[in-house]
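Structure record follows, encoded as structure tokens.
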Amino acid sequence: MPQPPVDISAHPTSSVPTIAPGRLAIAGAITWGLGILCSWFAARGKPFQWDAPVALWVQAHLHAVPIAKALDLFGNYAVTGLLALIVGVLLLLKREWASALTVAALLFVRPINLLHKDFVTRPRPDPSIVAVFEQESGYGYTSGHTFGSMLIAVTLAGVMPRLITHPRGCRIAQVLLIGFGIAVGWSRVSLGAHWPSDVLGAWLWGAGLGMLLVAAGRALDTGWHRAANTESGAEAPLSS
């Protein structure tokens, strides 16, 4: 099976191969498009037919309130924002300007979820259908905790090769980040705070926008290094 083109020339000090910006942008656009389609159906206001059965199955088989509440705590805006801030500062210290700018862009992308909720206006789960262990106000679609966690997880995973240049260490960090984004979504269903489709939509929106941010940052990084090499008289290798 052919492997996707990788971009290992955009940054001379990175030993971790990354997917080329163009391919990553296409993947992000497709994922975000699926999220928009999911939102279009969710805008009818009612949960999907499979929402209640899946939520009940999760609460019956994958239920762990203490773990779910811990993930709920770590998935809130303040904690994930602090994580992004720390990574952004570390990137600045390493003079990884494009990657630091990518992380900073999260400040402008994350509030999209609030506008999205007001557009879809779907109620949260009904306590008469599923057990609700955490009462929340506001609309349910999409899950804000899940959207923010997945958006930050995908974005930080994308810039991780500029922060951790050891391939195995970088991959471990990326898996942990994506796993965290997935786990936060599970916690919202387990606590009865959101329907499964609230979480699915949040995963698609967060992952799609995160990939688009990373693709833009990598393209910018490639352009800057190509320009620097041109000015120094060196021929910059082109990435796919």
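The values are calculated or read from the model by the stated rules, or taken from the named source; none is laboratory data. Since this is a predicted model, take the numbers as computed values, not measurements. Glycine also receives a Cβ, built like all others from the backbone with ideal geometry; neighbour counts cover every protein chain displayed.
Residues checked against (1) of a type outside the set (A, V, I, L, M, F, W, C); (2) in contact with a strand residue (DSSP E or B) (Cβ under 6 Å, 6 or more places away or on another chain); (3) surrounded by 24 or more Cβ atoms within 10 Å (Cβ to Cβ); (4) modelled with pLDDT of 95 or more:
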residue: Phe119; (1), (2), (3), (4): no, no, no, no
residue: Ile178; (1), (2), (3), (4): no, no, no, yes
residue: Gly208; (1), (2), (3), (4): yes, no, no, yes
residue: Arg218; (1), (2), (3), (4): yes, no, yes, no
### Task
Name the single residue, out of those in segment 132-158 being small (Gly, Ala, Ser) and at pLDDT below 90, that is farthest from Gly45 (Cα to Cα).
Ser137
### Message
Please go through segment 144-200 and give me each residue that is touching a Phe, Trp or Tyr at 6+ places or on another chain (Cβ under 6 Å) and charged (D, E, K, R), ordered by number.
### Response
Asp198
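One line per residue, one yes/no per condition, for (1) farther than 21 Å from Ala153 by Cα; (2) in contact (Cβ under 8 Å) with a residue 12 or more places away in the chain:
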site	(1), (2)
Leu56	yes, yes
His63	yes, yes
Ala78	no, no
Ala98	no, yes
Arg110	no, yes
Leu114	no, yes
### Query
Out of curiosity, is Ala228 surrounded by fewer than 23 Cβ atoms within 10 Å (Cβ to Cβ), at pLDDT below 75 and outside any loop (DSSP other than H, G, I, E, B)?
yes
### Query
So Thr165 fits all but one of (1) of a type in the set (Ser, Thr, Tyr); (2) assigned to a loop (DSSP other than H, G, I, E, B); (3) in contact with a helix residue (DSSP H, G or I) (Cβ under 7 Å, 6 or more places away or on another chain); what number is the exception?
(3)
### Task
Pick out the one residue from Pro167, Pro161, Pro123, Pro127 that is at pLDDT 90 or above and buried (at least 21 other Cβ atoms within 10 Å of the Cβ).
Pro161
